[in-house]
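The values are calculated or read from the model by the stated rules, or taken from the named source; none is laboratory data. Everything numeric in this text was worked out from a predicted model, so none of it was measured. Here the Cβ positions follow ideal geometry from the backbone for every residue, glycine too, while neighbour counts run over all protein chains shown.
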Amino acid sequence: MDIRFLSSNVYKVREVEAILGPVGVKIVPAAIKIEEIQTEDVQRLVRDKTLKAFERIGRPVFVEHTGLHLPGLNGLPGGLTQIFWDRLQADSFVSLVKNLGSRLITAKTVIGYCDSQNIHYFEGEVSGTVPDTPSGSRDFQWDCVFVPDGFTQTFADLGEKKNEISMRRKALDSFAAFLRKAR
């Protein structure tokens, strides 16, 4: 089964291929630009992006958005994570979190899939902490500043192990179960 995935992020595409490939889903990357609404509400952002993607592509498509939620910032940045990250990057992000009094963080992925008639949502969430210093490759956004609960390494340090435990994995597993039932 071929499904279009709206993303120009090669790291995300690789992760999605690694997770959905074994269940028989071939990812067709759709690297079109969609202007995202600016909202902390991840579900609203995903709905808007999914509808815009389907309108442009005209075929079943899914989008994904992962937001970071910091209790020390009352749940922000949420849907604004990309803007937040682009402004701060790893070192400034860690410094900010150190000053919040809480290093707790939750990463939540929301997938929106439009099959031409409906939008279906799939979510995954992982809690963790922000380390004292970034660790590992800084290539894939904030992976170098997220230590999942039960681990001592960041997502960046975990390498392929991340795909087994990530919030994206949890959301994609739900999506894959839905696709198997729909066949």
In segment 105-138, residues that are assigned to a strand (DSSP E or B) and either of a type in the set (V, I, T) or over 24 Å from E15 (Cβ atoms) (or both) total 8
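Here's the yes/no breakdown for (1) outside any helix (DSSP H, G or I); (2) closer than 22 Å to C114 by Cα; (3) not hydroxyl-bearing (S, T, Y):
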{"site": "R4", "(1), (2), (3)": "yes, yes, yes"}
{"site": "V13", "(1), (2), (3)": "no, yes, yes"}
{"site": "R56", "(1), (2), (3)": "no, yes, yes"}
{"site": "F84", "(1), (2), (3)": "no, no, yes"}
{"site": "D91", "(1), (2), (3)": "no, no, yes"}
Which numbered condition trips up N99, out of (1) of a type outside the set (K, R); (2) free of Cβ contacts under 8 Å to residues at least 40 places away in the same chain; (3) surrounded by fewer than 20 Cβ atoms within 10 Å (Cβ to Cβ); (4) under 20 Å from L51 (Cβ atoms)? (4)
Subset tally (residues that are out of contact with any Phe, Trp or Tyr (no Cβ under 9 Å at 6 or more places or on another chain) and among the aromatic types (F, W, Y)) for segment 1-57: 1
Of those in segment 118-130 that are free of Cβ contacts under 8 Å to residues at least 40 places away in the same chain and surrounded by fewer than 20 Cβ atoms within 10 Å (Cβ to Cβ), the residue farthest from L88 (Cα to Cα) is N118
Within segment 150-183, restricting to residues that are within 13 Å of the chain's Cα centre (by Cα) and of a type in the set (G, A, S), the one that is nearest to V63 (Cα to Cα) is A171
Condition first: surrounded by fewer than 20 Cβ atoms within 10 Å (Cβ to Cβ) and outside any helix (DSSP H, G or I). Now tell me which residues in segment 148-178 satisfy that. D149, G150, F151, T152, Q153
Can you tell me which residue among D86, D91 is modelled with pLDDT under 95 and either within 14 Å of W142 (Cα to Cα) or β-branched (V, I, T) (or both)? D86
Hits in segment 26-67 - residues which are of a type in the set (D, E), surrounded by fewer than 16 Cβ atoms within 10 Å (Cβ to Cβ) and in contact (Cβ under 8 Å) with a residue 12 or more places away in the chain: E35, D41
Would you confirm whether any residue within segment 63-81 is in contact with a Lys or Arg (Cβ under 7 Å, 6 or more places away or on another chain) and in a helix (DSSP H, G or I)? no
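Yes/no per residue for (1) at pLDDT below 95; (2) among the aliphatic types (A, V, I, L, M):
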site: Q117; (1), (2): yes, no
site: G124; (1), (2): no, no
site: D132; (1), (2): no, no
site: S135; (1), (2): no, no
site: D139; (1), (2): yes, no
site: V145; (1), (2): no, yes
site: F151; (1), (2): no, no
site: N163; (1), (2): yes, no
